[in-house]
Amino acid sequence: MSHELPKAYDPSSIEEKWAKFWIDERLFDVATPADGRAHNPFVQLLPPPNVTGRLHMGHMLNQTEMDVLARWHRMKGDTSVWVPGTDHAGIATQMMVERQLKSEGGPGRKEMGREAFTERVWAWKQQYGSAITDQMKRLGASVDWSREYFTMDEKLSVAVKETFVRLWEQGLIYRGAYIVNWDPQIQTAVSDLEVENEERAGHLYHVRYDFADGSGSITIATTRPETMLGDVAVVVNPSDERYTAFLGKMLVLPLSAVNGGANREIPLLADEWANPEFGTGAVKVTPAHDPNDFAIGQRHKLPQPSIMDEQGRIALAGSPYDGLDRFEARKKIVADLEANGHLVAIKDHTLTLPVSQRTGAIIEPRLSMQWFLAVNKKPGKDGAPTGAASIAENAIAAVRDGHIRFTPEMYSKTYFEWMNNIHDWCISRQLWWGHRIPAWHCNACGKITVSLDTPGACSGCGITDIHQETDVLDTWFSSGLLPFTVFGWNSTNELTPDLSAFYPTQLLVTGFDILFFWVARMIMLGSHFMLDVPMPDGSKRMLADAVPFREVYIHALVRDADRQKMSKTKGNVIDPIEIITKYGTDAVRFTLASQASPGTDIAFNEGRTEGYRAFANKIWNAARFLQMNIERGKEAAYTASLGSHDSFSLELPSTTPLETRWIFSRLATVSAEVDRSLAAYRFDEAAQAVYQFFWDEFCAWYLELVKVRLDFEAPKNDVTALTLNAVVSVFEAALRLLSPFMPFLTEELWHALYASVDMPSPAKSIALTRYPQAADFAADAASVEAMNTLQELIVTVRGLRKDLGVPEKEAAPILLHASDKISALAQANADMLAKQARVASVALASAPLTGNNARSTASFDVAVIYERQIDVPAERERLTKEIAKFTKGVESAQKQLGSESFLAKAPVHIVDGLKKQAAETQLLLEKAQAALEALPPA
RNA sequence: GGGCGGUUAGCUCAGCUGGUUAGAGCGCCUGCCUUACAAGCAGGAUGUCGGGGGUUCGAAUCCCUCACUGCCCA
């Protein structure tokens, strides 16, 4: 034997080998079609993991699903392109390197300077940045490594700059001082989406502000007393009669005297925003440190004094609070307010705190200069509208008009909800790691020059004293461009061969957590920019073909076995690599696939993975069984062949035994089921269908049945020869069917199988072969029906034998009462019954069988001839239960059949079916009753 | 506060364009090392489909309502 398989399945010995083989052989690289047309393209973009990331279960689920689909399409003959890459992850990477610098004790980021620091980040990326893609290779992901990208690649960076310049020219990018979410730890603005709101226990402070004219006071309520240093007004609701009389009066702002100077005075104003129900109904207004206050300030044209620095420390020269951290300042201010009698009360209050998703720091709303993308504004040229739709309009239309379809469908609702309420996108980040904004400020006239290349002079006044903007772009800005930039989109709107062949991509598989971050932004940016790139035939591209993908499949969350969200703090994070080491990649992939039902979170249960490793082992041993028989066949001068098994599977010789007709027919049905399920993203159904076929039908039934046929001691005969070929042929097809789910195991066994039959593998990899289709195999309904009957007979006899206490190894005769057809079937397959149910002989009975040793089904009565008495109480209990069940069934059927409206309104096949079933149940009931009566008294 | 889900066997989940006796895997019980596989084989037990109401000849499936629970947005 050229390729002898070890006794037990050991994933570690095969997976690494094939993972390396697939990559070394560049099996999944797809060349650019010379004519720019791909045959049935199936193109997917990997959601780029962070370059700092480590593989987690979410990645593993995502990649398993993408890979199952990629492999399935590839085997169906489609041009399956899966583009991998990593994201430069501005904040995460900068943090990581800063932390490293700190631990080294050398100069920090600011001491190093921008250039040295970014060099350092690049060095870090070169050294550690491939960790996650290396892990990915272990999963067997059939990606096109030749197209791997990194979002900071030169090619992609140029495209990012180009899009920025265009958006600027279209008037869709603007710069302004607005309140943004400021992360004081990493010291940059972050977008609304990067902020999580957490409920925490806090306090509501009631503080007395005195009227400047000494006529009394008003008490405000605030959760953030330290911001009072930046107060410019107090507002109350205009309808709040408690305060109407005082509107317009000035208030003395407590603690506002700086350096012994006078206290600041601020007005009491009316504004709808103040909620009479909340606190005291009076709120202080700090425009530079709260988004709502900022809006109030704008309405009333109030000043916007800023009182904090970039690190969240009080910045008020001369103030006793200057330099204090915001939370230290709060303590001191509360103490001082209490000391001077302005603190009226402190109440417990649950507040919602904005927390930075990246660093965990509490967000400090901060007034600062930022760059924004105007998503609701129509693009213009030289100030005049071009007539084109706004970015958001296009993005909404793309989904509304069906150019992009979501699965599960409900996510389109979420998408619309967000898109319809979308705000301008803050795209600038105060980081050094990222795509630096291609804008230059004039040091003289202040005008901004935006340009792809470094400009020599200010576009306004022409002087050369200009400096480049220090901000970089939000990481999601560049990743939002990926669906077209990875295919070579450039500044000329030229249709590159890759764009022509592969854009739009067919499918995006991703998690709902980045629906807005990434999915929506790809739709916005793709729909916006690709409208300007012509179609392959030169015609104008419409929205339907400008979209970045045609379908979005949103998968759920992988939770732990108790349905808890995995989190580092809870310590319940499952490391996929650890599980893989324990059970093999194939088993983990199958676990995820078998639970991946759209819209349902996956509770990852290791017990299940263990079960799927057992499944892999089962198949492994089936392969060994085949090898053994092929070898034994060779010794008896039989030659197993896979040479013409395709035509063989379709046109079975007339001597083909029943079980072989049956298994091919089942293979046809299952192939269709798997195809249908995968087309609907029902990974769970597809996996279950393959599992059920392979284990229950192929291994448990078919292999047991063919043992009778594969008798190499007997004189050489056609049935043995044919069966040997059939077993090999069915197994080979079943391996192909399973291959997208368990690529390693099937690759190994597929090659081993060809080696066993002394044939070269017809392809380098099973992944490059044809996916089994229903039409590839002979369907035979009659054989399926016959097999079902025989299976029922075998199972019934086995059960009966157990009840009668027939020793396992002892054969016993049976007596059968059934239709002529079934009787003949049983007699013709007596050898099958002998092997599967230890039936010594089959005798026919003309009368129904109701004795202690008999059982009835809808199709037959069968009795096992065995002298030993059955367990009477157990049998009585069983029969009593059956009688109850049948009685209930008969009653409910009769009730329906007795109803005239049912007979009149229900479809004929339902009525007939029910009648037939009622008759059968009635018969079974009578038989069970007779059997019960026949039991000896207790 | 607004929006979207979920509740089916001990556990994790299918089934829900209404239709004949509601399924799977794991777990559980009993007996077997039957030479492919003990990561196995054979047999077995287990559900008033969250509660209530309605529509219908017929409801796990459609509608209303309540309870519990999860997620997203403010």
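The values are calculated or read from the model by the stated rules, or taken from the named source; none is laboratory data. Computed from a prediction, not measured in an experiment: that's the story for all the values here. Positions of Cβ are backbone-derived with ideal geometry, glycine not excepted, and every protein chain shown enters the neighbour counts.
Of the residues making up the range A:805-823, those that are over 12 Å from residue A:860 (Cβ atoms) and surrounded by fewer than 20 Cβ atoms within 10 Å (Cβ to Cβ) are A:805, A:807, A:808, A:809, A:810, A:811, A:813. Among the residues of this structure, residue A:845 does not count as one that is more than 16 Å from RNA strand B (Cβ to nearest atom), in contact (Cβ under 8 Å) with a residue 12 or more places away in the chain and within 19 Å of residue A:707 (Cα to Cα). Among the residues in the range A:527-543, are any hydrophobic (A, V, I, L, M, F, W, C) and closer than 30 Å to residue A:743 by Cβ? No - not one qualifying residue is present in the range A:527-543. Of all residues in the range A:1-40, those that are within 16 Å of RNA strand B (Cβ to nearest atom), among the hydrophobic types (A, V, I, L, M, F, W, C) and over 29 Å from the mean Cα position of the chain (by Cα) total 3. Within the range A:332-364, being away from RNA strand B (no atom under 16 Å from the Cβ) and hydroxyl-bearing (Ser, Thr, Tyr) holds for one residue alone: A:359. In summary, helices (runs of 4 or more DSSP H) completely within the range A:563-672 and bearing 1 or more residues that are away from RNA strand B (no atom under 13 Å from the Cβ) and basic (Lys, Arg) occur at A:585-595, A:606-635.
Of all residues in the range A:298-315, those that are buried (at least 22 other Cβ atoms within 10 Å of the Cβ) and either within 25 Å of residue A:237 (Cβ to Cβ) or more than 42 Å from the chain's Cα centre (by Cα) (or both) total 2.
Being modelled with pLDDT of 90 or more, crowded, with 22+ Cβ neighbours inside 10 Å and near RNA strand B (Cβ under 10 Å from one of its atoms) is a property that holds for residue A:698.
For the range A:906-938, residues that are more than 8 Å from RNA strand B (Cβ to nearest atom) and among the basic types (Lys, Arg) total 1. Taking the conditions (1) over 26 Å from the mean Cα position of the chain (by Cα); (2) surrounded by fewer than 18 Cβ atoms within 10 Å (Cβ to Cβ) in turn, residue A:530 satisfies each one other than (2).
Of all residue pairs spaced 6 or more apart or on separate chains, those with beta-carbon atoms under 8 Å, a first member in the range A:883-905 that is within 8 Å of RNA strand B (Cβ to nearest atom) and a second member that is part of a helix (DSSP H, G or I) and of a type in the set (Phe, Trp, Tyr) are A:896/A:902. Looking at A:64, A:52, just one residue is assigned to a helix (DSSP H, G or I), buried (at least 22 other Cβ atoms within 10 Å of the Cβ) and not aromatic (Phe, Trp, Tyr), and that residue is A:64.
Yes/no per residue for (1) modelled with pLDDT of 90 or more; (2) out of contact with any Phe, Trp or Tyr (no Cβ under 8 Å at 6 or more places or on another chain); (3) away from RNA strand B (no atom under 16 Å from the Cβ); (4) over 27 Å from residue A:638 (Cα atoms):
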site	(1), (2), (3), (4)
A:691	yes, no, no, yes
A:710	yes, yes, no, no
A:713	no, yes, no, no
A:722	yes, yes, yes, no
A:725	yes, no, yes, no
A:773	yes, yes, yes, yes
A:794	yes, yes, no, yes
A:798	yes, yes, no, yes
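Taken residue by residue, the range A:400-409 has at least one member that is crowded, with 18+ Cβ neighbours inside 10 Å, modelled with pLDDT of 90 or more and not acidic (Asp, Glu). Considering only the range A:848-875, how many residues are among the charged types (D, E, K, R) and either within 9 Å of RNA strand B (Cβ to nearest atom) or surrounded by fewer than 15 Cβ atoms within 10 Å (Cβ to Cβ) (or both)? Result for the range A:848-875: 3.
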